[in-house]
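A.B. asks: Pasting a structure here, questions to come.
The values are calculated or read from the model by the stated rules, or taken from the named source; none is laboratory data. For clarity, every value in this text was computed on a predicted model and none was experimentally measured. Cβ placement follows ideal geometry from the backbone for every residue including glycine, while neighbour counts extend to all protein chains displayed.
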Amino acid sequence: MSETLTARSELTSMLRTEAVKLGLDAVGIVRLAEDVNLPDRLAHFLNEKRHGDMDWMETHADRRSDPLRLWPEARSAVVFGQSYAPPTDPLNALKQRSNAAISVYAKGRDYHDVLKKRIKQIARTFAERSGADVKVFVDTAPLMEKPLAAKAGLGWQGKHTVLVSREHGNWLFLGAMLTTAELEPDEATSDHCGSCRRCLDICPTKAFPAPYQLDARRCIAYLTIEHKGHIAPEFRVPIGNRVFGCDDCAAVCPWNKFAGAATEIKYAARPETDSPPLAELLALDDAAFRLRFAGTPIKRTGRDRMVRNALIASGNSGDRALLRHIEPLMQDASPLVRAMAIWASRRLVEAPELAALQRRYQNLEHDPEVAAEWIMPMEGEAA
């Protein structure tokens, strides 16, 4: 073996050893070169406007399509994965209709903070030993981690576009270290989805136009987390009690049977994020929201969107006891909240109660979109 190959092998071994020490579960290396298909796939996604409100995807599309446009001097990417596999089936939370279903990834500490800190530790050691330059990314730049992870052998992008690992199922947080060092690449993993389409068929809002394609505008994760405006009526009932994200397509994947529960305690569910009662979320003001969800991914959505989502879940709950928490929100400062308070009330009250409620609050409305909620046809009603 040549001296160069020996040095590369030692650096690769060091990367894997350090990753294990820091509790990371997967490491793969890819040599950076232009992917002629990636820009086309991204362009199709953007041209179809499937990114919705996520304007940042379009703004940095050129750099997002090729890591070398982000950093031309880079020669290799080291992709790290850390498991956040849940100990129980996340779909069980959907049966507790008076409680909020929160995506598995958001129940513990924000992975951006945890994973990036650990990859930075590895990157410092690598830079010292190799003399190469490094840059670390954990969803903090226009870098497409999932395609890189697939090319680095961590798994493959399933029909639902989520990375699927043979060892860790659908539950890997991803981060990457780009470096000027030329490292020996790992082999990409072939697609093992076969004829299975469970992830496509379970989607409540039909967010997959075709296998391996996602329309974010219809995705519950996008609607409850990224979308800043009013959620379209057609999606409200399918949202069910999901208030932050959706795990349906990931949770039904057969490859999850090989994934043991995550061992990283920082990703474990907290009492305040583990299917909390909807009544508690409806009572949150901004200060209480920040305190409750400090350090979690949920905090970035802000109080108004979380309460908007909790109101939709309340309207779907069939729990009339929530009405006393919903009615005060008709006078909330946020039009997002006021509109969904009306919608949730209309879902839960009887006709005579609704007329009285409308008389009490209709004159308080100045936002046309909010006022329109009083007369908008509900599901099952004639337009």
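A.B. asks: Exactly one of these conditions fails for V237: (1) in contact (Cβ under 8 Å) with a residue 60 or more places away in the chain; (2) crowded, with 21+ Cβ neighbours inside 10 Å; (3) of a type in the set (A, V, I, L, M, F, W, C). Give me its number.
C.D. replies: (2)
A.B. asks: Here is a list: A188, A207, A152. Which entry is aliphatic (A, V, I, L, M), crowded, with 19+ Cβ neighbours inside 10 Å and touching a strand residue (DSSP E or B) at 6+ places or on another chain (Cβ under 9 Å)?
C.D. replies: Being aliphatic (A, V, I, L, M), crowded, with 19+ Cβ neighbours inside 10 Å and touching a strand residue (DSSP E or B) at 6+ places or on another chain (Cβ under 9 Å) holds for just one of A188, A207, A152, which is A152.
A.B. asks: Also, quick follow-up: Can you name the residue in segment 314-343 that is of a type in the set (G, A, S) and outside any helix (DSSP H, G or I) and, of all such residues, is surrounded by the fewest Cβ atoms within 10 Å (Cβ to Cβ)?
C.D. replies: The qualifying residue surrounded by the fewest Cβ atoms within 10 Å (Cβ to Cβ) is A333.
A.B. asks: Go through segment 128-159 residue by residue and tally those that are acidic (D, E), at pLDDT 95 or above and part of a loop (DSSP other than H, G, I, E, B).
C.D. replies: Looking only at that region, the number is 1.
A.B. asks: Continuing with this model, one more query. From the list L148, L174, pick out the single residue that is touching a Gly at 6+ places or on another chain (Cβ under 8 Å) and within 19 Å of D25 (Cα to Cα).
C.D. replies: Numbers: L148 fails: touching a Gly at 6+ places or on another chain (Cβ under 8 Å).
Only one candidate passes the filter, namely L174.
A.B. asks: Right, something else. Of the numbered conditions (1) farther than 26 Å from L223 by Cα; (2) within 18 Å of the chain's Cα centre (by Cα), F137 fails exactly one; give the number of that condition.
C.D. replies: (1)
A.B. asks: Separate question: Show the residue pairs that are 6+ apart or on different chains and have beta-carbon atoms under 7 Å apart, the first residue being within segment 315-334 and under 15 Å from D285 (Cβ atoms), the second being of a type in the set (S, T, N, Q) and at pLDDT 95 or above.
C.D. replies: Matching pairs, first to second residue: none at all.
A.B. asks: From the set of residues in segment 250-273 that are part of a loop (DSSP other than H, G, I, E, B) and among the charged types (D, E, K, R), which is surrounded by the most Cβ atoms within 10 Å (Cβ to Cβ)? Even if it seems obvious, please write down each step before you answer.
C.D. replies: Applying the first criterion (part of a loop (DSSP other than H, G, I, E, B)) to segment 250-273 yields 252-253, 259-264, 268-273.
Add one more test, that the residue is among the charged types (D, E, K, R), and what stays is 264, 270, 272.
On the way: E264: 19, R270: 15, E272: 16.
Of everything passing the filter in segment 250-273, E264 is surrounded by the most Cβ atoms within 10 Å (Cβ to Cβ).
A.B. asks: Could you list, in sequence order, the residues of segment 218-234 that are among the basic types (K, R) and either more than 17 Å from H160 (Cβ to Cβ) or surrounded by 22 or more Cβ atoms within 10 Å (Cβ to Cβ) (or both)?
C.D. replies: K228
A.B. asks: Tally time: how many residues in segment 167-184 are surrounded by fewer than 18 Cβ atoms within 10 Å (Cβ to Cβ) and in contact with a helix residue (DSSP H, G or I) (Cβ under 8 Å, 6 or more places away or on another chain)?
C.D. replies: 3
A.B. asks: Sticking with this structure for a sec: Under 6 Å by Cβ, and 6 or more places apart or on different chains, what pairs join a residue from segment 210-230 that is under 14 Å from L200 (Cα atoms) and among the acidic types (D, E) with one that is surrounded by fewer than 21 Cβ atoms within 10 Å (Cβ to Cβ) and at pLDDT below 95?
C.D. replies: So the pair list comes out as D215/R50.
A.B. asks: I would also like to ask the following. Hey, among the residues in segment 19-71 that are under 22 Å from the mean Cα position of the chain (by Cα) and of a type in the set (D, E), which one's modelled with the lowest pLDDT?
C.D. replies: Across segment 19-71, the extreme among qualifying residues is E58.
A.B. asks: Does A207 count as in contact with a Lys or Arg (Cβ under 6 Å, 6 or more places away or on another chain) and at pLDDT below 95?
C.D. replies: no
A.B. asks: When you scan segment 274-313, how many residues do you find that are touching a helix residue (DSSP H, G or I) at 6+ places or on another chain (Cβ under 8 Å) and either part of a loop (DSSP other than H, G, I, E, B) or basic (K, R) (or both)?
C.D. replies: Residues flagged as touching a helix residue (DSSP H, G or I) at 6+ places or on another chain (Cβ under 8 Å) and either part of a loop (DSSP other than H, G, I, E, B) or basic (K, R) (or both) within segment 274-313 amount to 13.
A.B. asks: I want to confirm something. Restricting to segment 344-361 and keeping residues that are without any contact (Cβ under 8 Å) to a residue 24 or more places away in the chain and over 18 Å from Q331 (Cβ atoms), which single residue is surrounded by the most Cβ atoms within 10 Å (Cβ to Cβ)?
C.D. replies: A355
A.B. asks: When you scan segment 191-202, how many residues do you find that are touching a residue at least 24 places away in the same chain (Cβ under 8 Å) and surrounded by fewer than 18 Cβ atoms within 10 Å (Cβ to Cβ)?
C.D. replies: Total meeting the criteria: 6.
A.B. asks: Okay, moving on. State all residues of segment 120-144 that are free of Cβ contacts under 8 Å to residues at least 60 places away in the same chain and either hydroxyl-bearing (S, T, Y) or crowded, with 16+ Cβ neighbours inside 10 Å (or both); if no residue qualifies, say none.
C.D. replies: The answer is A123, A127, A132, V134, V136, F137, V138, T140.
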